[in-house]
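> Just dropping this structure here.
Nothing in this text is a laboratory measurement; each read-out follows from the coordinates by a stated rule. The model shown is predicted, which means the values in this text are computed figures rather than measured ones. Note that each Cβ is placed from the backbone with ideal geometry, even for glycine, and that neighbours are counted across all protein chains shown.
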Amino acid sequence: MEKQIRRKDGSLKSVSYAKWGFIFIAPFFLVYIVFTLIPQFLTLYNSFFENYRDGLKQIGPNFVGLDNYKELFSPDGNGTILVLRYTLNTLIMWLLGAIPQFVIAMLLAIFFTSYRLKIKGQGFFKSVIYMPNLIMAAAFSMLFFTLFDMTGPIHYVLVENGIIDASFDFFSNRVTVRSLIALMNFLMWFGNTTIVLMAGIMGIDQSLFESATIDGANPVQVFFRVTFPLLMPIFVYCLITAMIGGIQMYDVPQVLTKGNGSPNGLSKTLVMYLNSYFGPSKNYGMAGALSVYIFVITGSLGFFVYKRLSAPYKDSARKHRRRKGDVI
């Protein structure tokens, strides 16, 4: 961007302000390169090396090529490939929390932004539904652990009413422990998703809803023919960010199961598995290989979701531009 400035002698001088834009964004790129990009390349680099501690003896770093990746996908003594097992655990627990999260968030967003209902006090309701997101995940997990422990109040009430047996342990049952983790993830994040979807719906021209209603469309048709297609970019953003957070799930199951992933590792996530390599062994080579695997899984799923859900939106936009060009 250039600006013309007149000198005292009457001549014009061009002054460029473009450099200031680069100066203002330079700190972001500097921080990104130092704290994100370089560590990512170092992680990839370390994944090709044998580097761990055996007691007091340091092994490596020795270049081993793809041996860490081969070991990562090798079955254990029981014939189980642990990384695939923990990947399945992570996706199941994320889906159990994400499906109700998006359903409830979408319903609340439509309810609060309805031009017919005109709900008052939206600021208050936004604050209330967002509050669980302000609680630290570790504190939230400790609360649930205290409530559902065998000496906790919920366990006591259920036993007294004959609903469960006194020996029942919520954290030794695959269904209950996964359900509790999914419930906590749902409670912590549905408020944030609701507010983002509300912002997206409020950005849609209200005249489109009025026109659809005048044409005889019922609320369901208005949602699927008007609201959801126009909300798709925001919905895809929420879904991908939620999926990235779900794959990186760590603090909730770590605290709730005391790091064991009980029962029998059925609630152990990929990041919990990654953290096990930073124990006494300090196995940076295997940790690097697992980190690269998590990166590839996250990127692949994110790309797949984006392409699948954005394709209809992009096709409709392309057809609209084509029709507009024909009219012009």
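> Under a point spin-label approximation (7 Å from Cα along Cα-to-Cβ), what is the Leu42-Arg85 distance to one decimal in nm?
About 3.2 nm separates the two model spin labels.
> Lys258 to Lys70: extension gain in nm, 0.36 nm per residue of separation minus the Cα-Cα distance?
64.8 nm
> What is the set of long-range amide H partners of Arg53 at a cut-off below 5 Å, with H atoms built 1.01 Å from backbone N?
Ile59, Lys282, Asn283
> Using the beta-carbon distance between Lys57 and Thr146 and R0 = 41 Å, what value does 1/(1 + (r/R0)^6) give for FRET efficiency, to the nearest 0.05?
0.45
> On to the next question. Under 1.5 on a/c is rounded, so check that first for the chain, then, if it is not, pick prolate when a/b is larger than b/c and oblate when it is not; a ≥ b ≥ c are the square roots of the alpha carbon gyration tensor eigenvalues.
oblate
> Between Met131 and Ile297, what is the spin-label point distance in nm, taking each point 7 Å from the Cα along the Cα→C-beta axis?
Inter-label distance under the simple model: 3.5 nm.
> Taking +1 at the Cβ of each Lys and Arg and -1 at the Cβ of each Asp and Glu, which of Leu30, Phe102, Thr269 sits farthest along the dipole of the chain towards its positive end, judged by Cα position relative to the Cα centre?
With unit charges placed on the Cβ atoms, the residue in question is Leu30.
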